[in-house]
Each structure stands twice: as C-alpha cells, then as structure tokens.
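Q: Take a look at this one; I'll ask things after.
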Amino acid sequence: MPHHHANDARRVGCVVVTVSDTRRPSDDRSSAVIKAALLEAGHTVVDTTIVADERAAIRAAVLAAAERTDVDAVIATGGTGIAPRDVTIESLEGAWTKQLPGFGELFRALSFAEIGAAAFLSRAAAGVIGDTFVALLPGSPAACELALRRLLLAEIGHIVGLLSGGARP
C-alpha cells in the first residue's frame, strides 16, 4: 500500500493576492508574512499583486492566477470580514469547483484560542478552482501567520499532489 503522502508536491508555485484599498507593496505586511512562510518551506512565490476591495477586481485576479500553468495555489489576504467593503468571499461565488469548509472551521477554532470570540467574525475560506487550490485569509498579518503555520504549510503539498494526480514535482 503506497504511503498516503507519496505524491505530495515538494515545491508549490503560489500567487499571493492582497485585497485592499489602502495597502501598497511597501506596507503590505500580510503578503510579506505569507511570502516569507512559503519561501521558508521551500515553495515558490510566482507573483504577488494588490487589488482593490472590488468584486470584479478580486475575481479577475484570483481567476487569472488560478489559470496559470506555473501556479498550484492562490493565497489571498484581506476582505474576509464583515465590513461593507469585505467582498472577497462574494467575489468568488460560482467559481469554486470544490469548497473545503473544514479550513474555515479549523482556522476559526485556532483563532478563537488566540483572540477569543472575535474569531467568529472571520469568513476565511478555502477550496479549489479548476485544479488550483485557493485560500482566502483575513488581512491581519497575525491571522496569515496562523493560517500558514498551523494549517496551510502542513497540507499544501498534499493538496497539490491530490489535485494533480501526483504529476507535479
């Protein structure tokens, strides 16, 4: 019987999308946290981009990244709360091939242990678009660090291996 993780991708090509009306590359701490964690784990950050809190812009950026042949995963940060401008979740309605509700559930449980009841205000989510893994994280650098260190880095290679049928190195 083959090992459960035998086909895990060792190096995952990622795009980081920051959703914000105010962030610029010089002060985008959340994407810096995500990029550093991915690189430290041996993955590749193919591109980073910042888009406005606008449904069409978010959807276009995530879908364009998901269609790239050198991209296995898209990690977006920002726009997952409940403020009127938080529309990241809504921007991808109908685009999901498969949703992974366990990601958001686990993220909120881990967040609750760190920040208390405010954790339930997060709508962090993950799933698959086409054959690309997509994670939607809060805009907080601490939340991004939590999601990467406790959830994503542990499974991203396995997820990509499953999605590619073990064909990626």
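Q: Can you pull out every residue in the range 18-34 that is outside any strand (DSSP E or B) and among the polar types (S, T, N, Q)?
A: Initially, the range 18-34 is screened for residues outside any strand (DSSP E or B), giving 20-34.
Selection gives S20, T22, S26, S30, S31.
Q: For the range 156-165, does any single residue satisfy the condition of being under 24 Å from R11 (Cβ atoms), without any contact (Cβ under 8 Å) to a residue 24 or more places away in the chain, part of a helix (DSSP H, G or I) and among the small types (G, A, S)?
A: Let us first name the residues in the range 156-165 that are under 24 Å from R11 (Cβ atoms), namely 156-165.
The next check asks that each one be without any contact (Cβ under 8 Å) to a residue 24 or more places away in the chain; those that pass are none.
So far as the range 156-165 goes, no, none of its residues is under 24 Å from R11 (Cβ atoms), without any contact (Cβ under 8 Å) to a residue 24 or more places away in the chain, part of a helix (DSSP H, G or I) and among the small types (G, A, S).
Q: Working carefully through the options D47, D70, D53, find the one that is among the charged types (D, E, K, R) and in a strand (DSSP E or B). Steps first, please.
A: Numbers: D70 fails: in a strand (DSSP E or B); D53 fails: in a strand (DSSP E or B).
On inspection, the qualifying residue turns out to be D47.
Q: Of the residues G130, G102, only one is out of contact with any Asp or Glu (no Cβ under 9 Å at 6 or more places or on another chain) and not hydrophobic (A, V, I, L, M, F, W, C); which?
A: Just one listed residue meets the conditions, G102.
Q: Which members of the range 1-39 meet the condition of being of a type in the set (A, V, I, L, M), within 16 Å of G78 (Cβ to Cβ) and surrounded by 22 or more Cβ atoms within 10 Å (Cβ to Cβ)? It would help to see each step written out before you state the result.
A: Within the range 1-39, the subset of a type in the set (A, V, I, L, M) is 1, 6, 9, 12, 15-17, 19, 32-34, 36-39.
Still in the running and within 16 Å of G78 (Cβ to Cβ): 15-17, 19, 32-34.
Passing the criteria: V15, V16, V17, V19, V33, I34.
Q: Kindly list the number of the only condition in (1) of a type outside the set (K, R); (2) surrounded by fewer than 17 Cβ atoms within 10 Å (Cβ to Cβ); (3) within 15 Å of the chain's Cα centre (by Cα); (4) not in a helix (DSSP H, G or I) that fails for G42.
A: (3) is the only condition that G42 fails.
Q: Right, next: Within the range 12-39, restricting attention to residues that are modelled with pLDDT of 95 or more and among the basic types (K, R), which residue is farthest from A143 (Cα to Cα)?
A: Residue satisfying both the conditions and the ranking: K35.
Q: Go through A118, A64, A37 for me and flag whichever is more than 24 Å from S164 (Cβ to Cβ), out of contact with any strand residue (DSSP E or B) (no Cβ under 6 Å at 6 or more places or on another chain) and not in a strand (DSSP E or B). Quick ask: steps written out before the conclusion?
A: Values: A64 fails: more than 24 Å from S164 (Cβ to Cβ); A37 fails: more than 24 Å from S164 (Cβ to Cβ).
The conditions single out A118.
Q: OK, next. Condition test on G104, is it in a loop (DSSP other than H, G, I, E, B), within 20 Å of I34 (Cα to Cα) and of a type outside the set (F, W, Y)?
A: Values: in a loop (DSSP other than H, G, I, E, B): no; within 20 Å of I34 (Cα to Cα): yes; of a type outside the set (F, W, Y): yes.
No.
Q: Another question, if that's okay. Test L110 against the stated conditions and say whether it is in a helix (DSSP H, G or I), in contact (Cβ under 8 Å) with a residue 12 or more places away in the chain and over 20 Å from A9 (Cβ atoms). Let's see the steps before the verdict.
A: Numbers: in a helix (DSSP H, G or I): yes; in contact (Cβ under 8 Å) with a residue 12 or more places away in the chain: yes; over 20 Å from A9 (Cβ atoms): yes.
Taking the combined requirement at face value, the residue satisfies it.
The values are calculated or read from the model by the stated rules, or taken from the named source; none is laboratory data. Everything numeric in this text was worked out from a predicted model, so none of it was measured. For neighbour counting, all protein chains shown are included, and Cβ atoms are generated from backbone atoms with ideal geometry for every residue, glycine included.
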